[in-house]
Each structure stands twice: as structure tokens, then as C-alpha cells.
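Working notes, beginning with the structure itself.
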Amino acid sequence: MTQIIDTKTVKHVAFLVRMGISDGEAQSFSQQFSAIIDFFNLLNEVDTHDTPPATQVIHANMVLREDAAQPSMPREDFLKNAPESEEGYVKVSTVLGEE
Amino acid sequence: MTKYETVIGLEIHAELQTASKMFCGCSADYASAPAANTNICPVCTALPGAMPVINARAVEQAVLVGMALNCTINPHNTFARKNYFYPDLPKGYQISQYELPIASEGWMDVPADLGEGTQRIRIRRAHLEEDTAKTFHRGDHALIDYNRAGVPLLEIVTEPDFRTVEAALAYATNVRAILRYLGVNSGDMEKGVLRFEANVSVRPIGSDELRTRTEIKNLNSFRALTRASAYEVERQIKLYESGGEVVQETLGWDEARGVTVSQRSKEHAHDYRYFPEPDLPPLQLAESFIESFRAHLPELPEAKTQRFLRDYGLKLQDAALLASERSLADYFEAVTAQTKDSAKVVCNWLTGEFMRQINDRALSVDSIPIPAAHLAQLIDLAFDKTVSGNTAKSVLVEMFQSGRAPKDIVEAQGLGQISNEGVLKEMVIKLIADNPKEVASYLGGKETLLQWFMGQVARATKGKADPQAVKQLLLDEFEKLRK
Amino acid sequence: MELSSLTLRSAQEMLRSKQISSVELTQAMLDRIRKIDPQIQAYVTVTEDVALEQARRADERLATSENVTPLTGIPFGVKDCLSTKGVRTTCSSKILENYVPQYNATVIDKLADSGAVMLGKHNMDEFGMGSSCENSAYFPTRNPWDLTRVPGGSSGGSAAAAAAGLGLFSIGEDTGGSVRMPAGFCNVTGLKPTYGRVSRYGLIALASSFDSIGPMAREVYDVAAVTEAIAGLDKRDSTSSTLPVPQYTQSLGKSVKGMKLGIPKEYFVAGMEAGVESAIHKAIQQFEALGMEIHEVSLPHTKYGLPVYYLILFAEASANLARFDGTRFGLSVRDGAEDVIDVYLRTRAAGFGDEVKRRIMLGAYTLSAGYYDAYYLKAQKVRTLLRQDFEQAFEQVDALIAPTCPTTAFKIGEKTADPLEMYLSDIYVTATNPAGIPSLAVPCGFSQGMPVGMQLMGKHFNEETLFQIGHAYQQVTDWHKQLPPLG
């Protein structure tokens, strides 16, 4: 195995994507990630110096949207799925360090 | 002691004035929404499976702004995902332009730091992106309104080319004027449609290095921009002078205390993990499409100022003032075209009493309540000496109050000037006959009494007599008596 | 009426000739689901009320013969990653366990407009992440051919339902083989259309540049009919194609004589189960007998297909799944959380399964500062080469043939311990998605009693050719008519 993704890195990445993980999980992810990344390193064999990255799957003209306002979806429908709401707003816990 | 030089780069986030949002058909007019979460759909609230579609008008507006800022419009530009978590960001990423923005490498000239001439500010890029939702903090919780989420934003970024806070202000003011000219942004700072971010550093004069900079975010007014930048420059200089180092960080501006404050959050190191937005193919703009906009580009403030100097012979300061707002400039030209008097007189009216009325009444030049034809008529009444200058001013006030045409006001209130020489001559002869003592005194050398005689006529005519005419008649009569 | 062997086409004829009503057909299907599905568990949600109401309306259309389409009155099921208004949509994840969408995916709207009858939502690997349907947060779906084996994934529920006659067609979704691989495992015909052919609006995204919604059914005709109904430009999906949709069912029956079939040599290397290899070779002989020219071609970057696929998928998925944050919908773990960031951490920890967590985290890792060029960008460059491989091959041949999987369906639990080993089962089906090309999975035999599938790959927007070849094959073989041993 050429590249080790240690538990510290795993925890850093977990926080980037807001994934709560335990120490035990960090350990097992660390092993799995190292194996998978090693597998990805197979691509290093390919010479891509003159190859542009793919930017579009099919060659097609994108249809833009005409600037016209449409009616809103009913607020009650939207809020029905919200875990918590208050006075028509979606309610969340506050962000620490902010006011 | 080391002398320091200011180095500022500016980012302007301008909301575009489209009917719908950047990537969905919801109304972009969140300011007029009747209540929270009433301009929403699956796209702007990031419901699973919803997909973005680019608003054609936002693209057009971005092209116009890019051209007005002398940018290259990129025929191939792309959108990217900027990934971070925050309650006001429903998708967990913002769709923005990263590697290939719609416009790049522009410039704007601003007055040079000292004295004459101009300094060229390089504009790095202008790119399209979407606004976030609005968060209202309520103690231990927060409330989110998605009406603003997805409103189109144009972010305009300069190189760190400003050497004074004043230059940054001049640039920001010009950008606002241009956005308003193009009709893509109301410039209404109080509503938050324009927000500034200043990147500030200082360095010893003569040095070329770019020292550690701080970013002051969310500056919502010109005042905040200048105060915060000036404060930050001072703070950094003091820091270096006391042997300290500037730390790269994001700052907020505390308007009440007049200080910048560090905005440390849990997410200390940002790692936005930009990558191309797979839901949006590259935006391809045909050259013919881009070129078709050059013709749509209106005359911009700078060009208009130059034309006003050239065509109307105005003073620079006046020309620039009139040209600063498209509606005011158009009004000026409309009035000038309809009056017998000169453009300079129209300019005097507009920059004088007229502007005072607009300001006193807290009106906007975008909605001038007086038709250009009415103001032209008023200026003509003064030009024809139908009313005196002073009367004309009071007629203007009445026009603002009632909205009536100046001729109607003058007629209804009998304000017309008595310029009939026969009538005035009779009054003057009678005045001289009735006041022999004063006449003798005047003829005896006390020439200041001329004012007294004129005052008598003015009183008798309630100010409607043309003072020049009265003066001439009096002088003529006294001359006859001398003989 | 023998429901287990009923095809869409024969049901169509029965409905039109009034031998049966849609309500009767739908009720029979619902009864069959009630009876059979407990052993297979293809459905996460059965929408009996919706189905019967749609069937009633379909019968009205059929009675007046107005506005009748090939799908009017036909009952189907759909993978639970398509947003269905008023019907719980879970992606087989805990995080969406109680999510009832406010809107329909475009494909769901199109099917409703055509008069098709929705029976319910199919189980899948959570968010499409898996190749066996074992990654469902609720239960694994079982292969109707052997209940101890997996149906494949991630559209395992859709394949199993189509195979077991629990619906006359299924709407699956293929990100990197998720329609074709389970189709092969379960002996059904399935299409991964060209990227952009079918609107993704309302499809809960896994990898946005790969995801393709495609139908699964008993035979090529059925799949062609459904594709015709769901394909086309959608102004709500910027990546959907403006090209007109051909009438696919019309081109069926044309001779394949003289057409060229390519065998990509890199696909026929060590590692293929013997029974799979021999089934594919027999199929190739069959095509030769039908008058097709067989050519060996090379897709030199084949071995890089899998890492390219997974790298890009992880990256796109890491962003696509950021919206599951417990704020506007879905699971939200708030008790004991000190702030909103803590809510995110707890919600996502509790709501996502291990495979989803792995992929999101690895995706973020490969995109993060310092790694982007080495991983994500590198993968996009090799993707260009993968595409070019296919483009060059299609200059020589009309279609390519390959197995859908190196093995037949494996045992439940056999590969769950090692994620990498599970990834390898996708080796033949992943490269098509980075290239965006269409691919049709067709049953082509059995190995030790379990079905073997082949896939026919074609040029962009050339589904017609694939249908033509697949249909010609099904005219001279009866693999697709073999039914699993169910009650």
C-alpha cells in the first residue's frame, strides 16, 4: 500500500462533510480508504499530458430559461417536511460563534 | 518611522434585477414578498432531485456589465460547486463560476491618488452565482427564509490596485452608477442589493510585496466600506509598528463601535472543494450573441460626462453630477431640448433649487414627479420675464406640491410679472410726484435712494414688476428732471 | 391470466381488446405483490390507493379509446430514488424514511400522463450506492431465482420486481450498471439510455454526470415502448438532450444482417466465470447466425474504467448528498445537539449507512485542496480517453457486446465485508456511464441455474440500433421467457 489515510485525515474529512464518526469508525474507514485510494492510484499509469478533462457528457446545446416568474410552491407543503418551523420560517439551532 | 502604503482589492456582490431567480422560476423580488418562504420551489429549497436551469436574462445582464467594465466576455464559461455547510445554503454548495467566469480582465479609470489624471484599476473577473437564504437569529435558534435563496448575483472582483480608500470609494461609486445605468441593479444599498468585501493590506512605500491581507466581509454601504477600510489600514500599520504581524483572516465590521472584528467560526480553514457543476453543461455564448449586446450598451456615465462638457459647455463638476444618474441625465437633456433657454440655465436649475426639492422631499431621481415639459415651461416663463427669478422658485415649490403646470399656477395666483412699460411708467411718474423730498435728495447726490424707489414699486406690485425695467424707468425719469 | 409470464405487450393487447380492465389487472398485481413480495422484498412502499385510482382513470381512457398510449393501464413500479408527489420517497435510506415529496420527477409525470399505473416504490442500495441491494437501510431484496442470492444493484428491487412479475415494467436508474447488472442477475431486459435522453429532474442524484433513468421489463419491445414514453427534452434538466425521440417500437423487426458487432477484447480476460463466458460466446454465435459481422475491437483504457467511475462518482455524490442536513426535510437529530453544526454531524451520522459515509468522505477527500489534480481532475482526463476508446470502436462497429457481470448472482453477505471486492463486480458496466453511451442488457443464458446477462453498447443516442439487435436476438432465443421458480 503506497498511501496511508490516517485517522486524523479521516476525521478532518469527516468534519468537512459534517459526518459524525466515532474513533472506531475512523480506524476502519482509515484502512478501507487507504485500500480504495491505492486502487485509484492505478490512474497514475496513464499519460494524460495532452488530454483535456471531460467537461460535458454529451455534446448538446443547453436550453436556458426565459426570465419569467412562476408561482411559488405552497408554503405549507414546504414546511410540512421541515423538522421544525416557526411563523412560516424553517427553524434551526443557532450557529455557535454567531449571533 | 516607516511610511506605509495602502493596498486594497474590492469584491462587489451585486444582485441582478431579474424577474426570476438564477436557477429556477421563483420570483427574485424577495423584498416585496408578502411573507417568509413564499417565493420558493424544489430548486431553491434544494429538495432532493431538483435541478438548476440558468436564467437567460441573468446571463445577458452579466454580459452587459462585463462589457461596461471593459472585460473580455468569455464565449465558453462554466459553473462550479462551492461546497460548505451553512443553514442559509440549502444545497450544501453554492453554484458559482470558478475556473471560467463569464467576464474577465476588465478595467476602470478612477481619479488618481493625488491631483490630476486617472489611475487604471484592473478588474480580474465578474462571475455569476446565487444568493443565500436569509437567516434571522433568535437567541438559541435561528429562522430561515428561502425567498432570497437563488437570487442571481454578479460578483465583480478587482486586482489589489487601490492605493487609497478614496480610490476604492470612487470605483465602488462608479460601479454602482454603471449597474444602475444598465438597469441591472437598483443600487439601493439599504436593501442589501450591493455588498462589498474589501481585501486590505499595507506595505512600506516603495515596496512591491503583497503582505498578508485581511478580508472585511458584508460591507453594506459606502460609509461602511470607507470607514472599515480606513480602520483596517490603521490597525495593520499600528500592528507592524509595534512589531506585530497581520494574520490572514475574515473580519466583520462593527458599525456601532467602528472597529473590525474577527469572525472565527468552527470551520476555521475553508476548503471549498470546487468542482465543475455536473448539472449545468458549459455555457456557450456565440460571438454574434455577445456582439449583439455591444449595440445595447447605453452611453455610460463617463462618456456622458464628456459629451455634456463638449456639447453643452457645462462645468466638469456639474456634468459629472448630471451624468451620475441615467434618469437625471435623460431629464436634463429632455428639459434642455424643450426650453428656449440654454443648457447651462437648465443645469443651474437642476443642480440648484430642483435638487434641493428632490432631496428635501426624499425623492429619487428615478421618479421625478415633474414632467420635463413642465420644468421647461417654467424656465421659459423666467426667460420671457413673465415671472421673476424669485417667483419662479416659488412656482417650482408649488409644482412639487401640487403637480400642476407652471402656467396654471402663475395664472391662478396672478404671479405674472408686470412688464407692460406703460403701466410701470405711470407708477414711476406718480411715485416721483408723490415724493418730492426723496427726489430732491436723490438728485442732490444721495444715489442710494434708487433702491428705496425700486422697493416702493416692488411693494406696490407685490414683486411682480421686472426690477430691471423699473430701474431703467426711474433712471430715465430722474434724467429728465435733471435737465 | 398468467401474471408471472405476462409481458407489457400482451397486457396492452388484452386491455385494448377489453379482455381485462386496468383495475382488474392492477388488483391482480397488487394481490400478487401481497402474496409473493414478502419473500423477495422488492417493494419499499406499495401505493395501492394511487394505483387503483390511476387504473380507474386508465379504464376511462381505454373505454373511450381517447388519449390511449401504449402504457395506458399498465401497472409498473419505480426505484425509490425518483421523487413522487405525496408518496414517500426514501432512496432506501434512514435519512429519508419519512420524506414525502412535494413534487413529481419528470419521468413520473410523463408516465402518469401516458396513463401508466404506479404500484409502488422499489428497494435499492441506499442512494444507489451498492451492487447487491444489501445496502438498503431497510432490508435486502432477494433474487427471485434463488432467495439466498442478491438481485444485484443498485436497482435490485426493480430487477427483482420485473423478474417476479410484480409489475409489467420497472423504472430503474443506472449510474454505473445499476440497471444492467441486476437485469443480468434476474433475467430481465433493461436499458441504460444515453445520458441526457431521459430527464433526471426529480431523480435523487447519485452522480449527476452518470445518472440515467431506464426501464426494465420482460422483453425488448416492452423496454422500447417505455423508453419512448419517458425520453425527451425537459426544460427543467439542463443536461437533457434537444434531439427528437424516435419511435423505438417501430424499428423493431428490422433485419440485423450485415450489421457489425464488436467484441472488446479487454472485456474477455481472466476473471470471468466459465458459465458466463460460454453463454456470451453462444450469444455471439447466435448473432453471427443472424447475419451480423463479428469483429474484435480494442478499448485500451478499459482497466481504468472502474477507478475513473468511482472517483468521479464519489466526488459528485459528496456534494449531491450535502443537502441531507436535517434542516428542511428528512431525519434531524436535534436532541442533545449544542448547535446547528452538531445537528448536521448527528443527523448524517445516524441517517447514512456505512457505504454512503465512505463515499461522501472519500469524495470530499479527492476534491480537497492538494488532491484535486491528482484524483478528480486526473479521472476526468482519463474519462476523455475512455470516451475516445468507444468513439474509435464505433467507427468500426455498430454495437459492442459484453457480459453485464463476471459472475452470476452471488450469495447474500458474500461480498459485504470488503467494499473494494464489491466494486469489482461492476467492472463491465461502469465504463459506459463516464462515456454517456447507451447500453441494453439482454438475458442470454444460465450458468449453474442462475441467469447470465449480456449488454449491447451503442453510440450516443443510438438506442434504436440496440433495440433492433436485442429484439432480433429475442426472436430466435427464449432465455428472456424463462421464469424464476416462484409460486
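Three semi-axes describe the equivalent ellipsoid of chain B; taken as square roots of 5 times the Cα gyration tensor eigenvalues and ordered largest first, they are 59, 27, 21 Å. Evaluating kT/(6 pi eta Rh) at 4 °C and 1.567 mPa s, with the Kirkwood radius of segment B:140-268 over Cα pairs in the Stokes-Einstein relation, gives 79 µm² s⁻¹. Relative contact order of chain C: 18 percent, from C-alpha pairs under 8 Å at least 6 residues apart in sequence. Within the straight-line cut-off of under 21 Å between alpha carbons, the lysines reachable from B:LYS191 are B:LYS21, B:LYS134, B:LYS217, sequence neighbours fewer than 8 places apart in one chain being disregarded. Distance between the C-alpha centers of segment B:426-480 and segment C:381-430? Whole Å please. Segment B:426-480 and segment C:381-430 have Cα centres spaced 110 Å from each other.
Using only side-chain charges placed at the Cβ, +1 for Lys and Arg and -1 for Asp and Glu, the dipole size of the protein assembly as shown relative to its Cα centre rounds to 1480 debye. A simple charge model with +1 on the Cβ of Lys and Arg, -1 on the Cβ of Asp and Glu and nothing else charged puts the dipole of segment B:421-482 at about 180 debye relative to its Cα centre.
Net charge in the neighbourhood of C:ILE437 (other residues with Cβ under 13 Å of its Cβ; Lys, Arg +1, Asp, Glu -1) is +1.
Cβ-Cβ distance of C:TYR371 and B:LYS344, R₀ of 56 Å, FRET efficiency by 1/(1 + (r/R0)^6): the value works out to about 0.25. Think of the protein assembly as shown as having a plus end and a minus end, set by charges on the Cβ of Lys, Arg, Asp and Glu; of C:MET129, B:LEU474, C:SER368, B:LEU474 sits farthest toward the positive end of this dipole. Secondary-structure-derived ellipticity at 222 nm for chain B, considering helices only, amounts to -12500 deg cm²/dmol, per-run term -39500 (n - 2.57) for DSSP H runs with n ≥ 4.
Our summary gives segment B:421-482 a relative contact order of 41 percent, counting only alpha carbon pairs under 8 angstrom and 6 or more residues apart. The ellipsoid equivalent to the alpha-carbon distribution of segment C:1-158 has semi-axes of 28, 19, 12 angstrom, derived from the gyration tensor eigenvalues as √(5λ) and listed largest first.
By its C-alpha gyration tensor, with a ≥ b ≥ c as the square roots of the eigenvalues, how is segment C:351-476 shaped: rounded for a/c under 1.5, else prolate for a/b larger than b/c, else oblate? Oblate shape, in that a/c is at least 1.5 and b/c is the bigger or equal ratio. Of the DSSP H helices in chain C, those with a Cα length along their own long axis of 18 Å or more and a mean Kyte-Doolittle hydropathy reaching 0.0 comprise C:274-289, C:305-320.
Listed by chain and number, the aspartates and glutamates placed with their C-alpha closer than 13 angstrom to that of C:LYS265 are C:GLU277, C:GLU296, C:ASP389; residues fewer than eight positions away on the same chain are left out. Of the residues B:GLN236, B:CYS347, B:LEU69, the one whose Cα sits farthest toward the positive end of the charge dipole of chain B, with +1 on the Cβ of Lys and Arg and -1 on the Cβ of Asp and Glu, is B:CYS347. Per residue, chain A reaches -10500 deg cm²/dmol at 222 nm when only DSSP H runs of four or more residues are counted, each adding -39500 (n - 2.57). Ranking of B:GLU190, A:GLU25, C:GLU173 by neighbouring Cβ atoms within 10 Å, starting from the fewest: B:GLU190, A:GLU25, C:GLU173. Spatially, segment C:105-121 and segment C:322-375 are offset by 32 Å when compared through their Cα centroids. Fewest-first ordering of C:LYS260, B:LYS446 by other beta carbons within 10 Å of each residue's beta carbon gives B:LYS446, C:LYS260. Counting every C-alpha pair in the protein assembly as shown, the share spaced more than 48 angstrom apart comes to 41%. In this structure, B:GLN263 and B:HIS137 have a Cβ-Cβ separation that, at R0 = 22 Å, corresponds to a calculated FRET efficiency of about 0.95.
Calculated [222 nm] ellipticity per residue, helices only, for chain C: -11500 deg cm²/dmol; basis is -39500 (n - 2.57) per DSSP H run with n ≥ 4, divided by all residues, nearest 500.
Charged side chains reduced to their Cβ positions (Lys and Arg at +1, Asp and Glu at -1) give segment B:4-292 a dipole of some 560 debye around its Cα centre. Among the GluC sites (Glu not before Pro) in segment C:305-368, those located in a DSSP loop and surrounded by at most 13 other Cβ atoms within 10 Å of their own Cβ are C:GLU338. Counting Cβ atoms of other protein chains within 10 Å of each Cβ in A:41-47 and taking the mean gives 5.
Each of B:THR45, B:THR72 was scored by other Cβ atoms within 10 Å of its Cβ. Arranged with the fewest first, they read B:THR72, B:THR45.
The alpha carbon centroids of segment B:308-381 and segment C:178-237 are separated by 65 Å. Highest-first packing order for the peptide set C:445-452, A:54-61 is C:445-452, A:54-61, based on the mean count of other beta carbon atoms within 10 Å.
In units of the compact-protein estimate 2.2 N^0.38 Å, segment B:299-413 shows a Cα radius of gyration of 1.03. The relative contact order of chain B comes to 13 percent, based on Cα pairs under 8 Å that sit 6 or more residues apart.
Look at the dipole of the protein assembly as shown built from charges on Cβ: of C:GLY275, B:SER327, C:ILE108, the Cα furthest out on the positive end belongs to B:SER327. Here the peptides B:364-374, C:401-411, A:75-85 are ranked by packing, the mean other Cβ count within 10 Å, and the order with the highest first is C:401-411, A:75-85, B:364-374.
Inter-chain Cβ neighbour count for A:23-30, averaged per residue, equals 1 (cutoff 10 Å, partner chain atoms only). Pairwise Cα distances in chain C exceed 33 Å for 31 percent of all pairs. What aspartates and glutamates does B:LYS315 reach when the alpha-carbon gap must be under 15 Å and sequence neighbours fewer than 8 apart in one chain are set aside? Here the aspartates and glutamates satisfying the reach criterion relative to B:LYS315 are B:GLU302. Computed packing ranks the peptides C:42-54, B:288-300, C:192-204, C:82-94 as C:192-204, C:82-94, C:42-54, B:288-300, most packed first, by mean other Cβ atoms within 10 Å.
Throughout, read-outs are computed from the coordinates displayed, never taken from laboratory work. Because the structure is a prediction, the values reported are computed rather than measured. We place every Cβ from the backbone using ideal geometry, glycine too, and count neighbours over all the protein chains shown.
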